[in-house]
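The values are calculated or read from the model by the stated rules, or taken from the named source; none is laboratory data. Remember, predicted model here, so these are calculated numbers, not experimental data. Virtual Cβ from ideal backbone geometry, glycine too; neighbours counted across all protein chains shown.
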Protein chains: 2
Amino acid sequence: MTQPEQRVTAGMIVIGDEILSGRTKDVNIGAVADFCTDLGIDLTEVRIVSDDMEAIVEAVNTLRARYTYVFTTGGIGPTHDDITADAIARAFGVALPINAQARAMLEARWQQTGTEVNEARLRMARIPEGADLIVNSVSAAPGFRMGNVHVMAGVPVIMRAMLEALAPTLQGGKKVMSVTVKAAVGEGTVGGPLGALQEQYPDVKMGSYPQMGQTRVMTELVLRSSDPVRLEEAAGKVREMVSEAHRKAGIAPPDDAY
Amino acid sequence: MTQPEQRVTAGMIVIGDEILSGRTKDVNIGAVADFCTDLGIDLTEVRIVSDDMEAIVEAVNTLRARYTYVFTTGGIGPTHDDITADAIARAFGVALPINAQARAMLEARWQQTGTEVNEARLRMARIPEGADLIVNSVSAAPGFRMGNVHVMAGVPVIMRAMLEALAPTLQGGKKVMSVTVKAAVGEGTVGGPLGALQEQYPDVKMGSYPQMGQTRVMTELVLRSSDPVRLEEAAGKVREMVSEAHRKAGIAPPDDAY
């Protein structure tokens, strides 16, 4: 993979009333977030919208202008509430014909399983004009890439298979590395000095995460940077700061500190 | 609770780099979605944004103009990357002073636990001018309501406690009821007739959800409406349609069908 200097960004759109009603609990956001981090792509914004044409078109057109890549999940099945392909075609101003390659993929699978070809199922072969297919190794019905927008299924196992299929087509940014420093004191104790260190190292992003449900107070300080030298230097300063906080509080550091 | 005829809507904003990087997997969206559904509030859109002032302000100002209620989670702790209160104050154009009531709540808790009062911890007492506090029974640091925007913690157990605290202040819409019809055939088989029934019952929202990982093909058809009579009538039609599909396929319905 090449390592371009420019920041590579992504937006994600989760499409589906079932997520907004609480009926289905989304797990695709976390999977796409991990996927982007691994590739050095900065997932910058996620929107969850309902199965509503205007809402999908607005989100697609806003995010595709704003970010390097857009990923969508949901709404590409065979039923009337699956309108993602229609919305993408409208957002890009193109037609939505039955795609011969998509139809062949589906019919090959249907022949194996003895599934009847009908109008509802053929909806899944409608692909916006000019889009490339994203192979679906799980259930055959393909996703597609239109411009910088990657349209995937909502069923998690299929979505992950599609992510793997499209990974080689993406250009990752600089890989971001992270260091975690564990502290046996609360966020409020380290908050002030951590803020001062953040000002000294603007190129190293510092976050603070309280750990609930532990037998003792624990805070994880996570540092991220694409520059390994600056990252290690900043991590050293944070470790010193945490040691000092432990000393002041008269407590032993946690077994797995630093 | 009164039952106004108008639709009550909500938008949600999840604030935090840790969600977008995949480091933390969000569970608050599902909890807020369930909460809204229970109160008859239509959660219409969710946005996840980074710990970035411009991004938070834009999301807050867009969604508070668009929906009856806005719920935010995350970014109200004591560290430098907790900027939600600052962003809300900027979005509403008001000051962000130390709030005497919030400070008293925090100091009472700190006194019990022997926690030192410092500048980082006092950040959590900064509340936009004109906001009402939302009590935090878990860790004392309060959330707040500014206009129609409800600002809550990101830690799930605290967020849920705050939701319970603010529930009585919300005006729910009409309670939406749902009926689930189980079918032992695939989505593609019921997709066409379900679409036709949706056209006959535009006031009953019909969704179709394939069930993965079952020993046999299963599809759940979920109908939602605020009108119990229309809902039951539509559910009867869907049950008939599914029976017919089972009969045609020559298969016995699932044990727990309908």
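Here are a few things to note about the model shown:
- Residue check, A:I83 more than 18 Å from the chain's Cα centre (by Cα) and either closer than 20 Å to A:M146 by Cβ or not assigned by TED's automatic domain parsing to the domain that holds A:M162 (or both): yes
- Residues located in the stretch B:212-241, provided they are buried (at least 16 other Cβ atoms within 10 Å of the Cβ) and either in a helix (DSSP H, G or I) or at positive phi (or both): B:L231, B:A234, B:A235, B:K237, B:V238, B:R239, B:M241
- Checked across the stretch A:190-211, the condition of being of a type in the set (K, R) and either free of Cβ contacts under 8 Å to residues at least 40 places away in the same chain or outside the structural domain of A:L63 (by TED's automatic domain parsing) (or both) holds for at least one residue.
- Filter pass, A:G93 being over 19 Å from A:N136 (Cα atoms), more than 8 Å from chain B (Cβ to nearest Cβ) and free of Cβ contacts under 8 Å to residues at least 40 places away in the same chain: yes
- Highlighted here are the helices (runs of 4 or more DSSP H) found entirely within the stretch A:1-100 that include at least 3 residues which are within 18 Å of B:M12 (Cβ to Cβ): A:17-20, A:28-39, A:53-66.
- Test: residue in the stretch A:48-62 that is aliphatic (A, V, I, L, M), within 7 Å of chain B (Cβ to nearest Cβ) and buried (at least 20 other Cβ atoms within 10 Å of the Cβ): yes
- Scanning the stretch B:140-162 for residues being at pLDDT below 95 and small (G, A, S) gives a total of 3.
- Residue check, A:G77 under 27 Å from B:K248 (Cβ atoms), out of contact with any Pro (no Cβ under 6 Å at 6 or more places or on another chain) and touching a residue at least 60 places away in the same chain (Cβ under 8 Å): yes
- You will find that of B:A10, B:A31, B:A55, B:A85, the residue that is without any contact (Cβ under 8 Å) to a residue 60 or more places away in the chain and hydrophobic (A, V, I, L, M, F, W, C) is B:A55 and no other.
- Looking at B:G154, B:G130, B:G147, just one residue is small (G, A, S), touching a residue at least 40 places away in the same chain (Cβ under 8 Å) and either exposed (fewer than 14 other Cβ atoms within 10 Å of the Cβ) or at positive phi (or both), and that residue is B:G147.
- Of the residues making up the stretch B:9-47, those that are among the polar types (S, T, N, Q) and either within 8 Å of chain A (Cβ to nearest Cβ) or touching a Phe, Trp or Tyr at 6+ places or on another chain (Cβ under 7 Å) (or both) are B:T9, B:S21, B:T24, B:T37, B:T44.
- Within the span defined as the stretch B:68-76, every residue fails to be more than 14 Å from chain A (Cβ to nearest Cβ) and over 30 Å from A:V49 (Cβ atoms).
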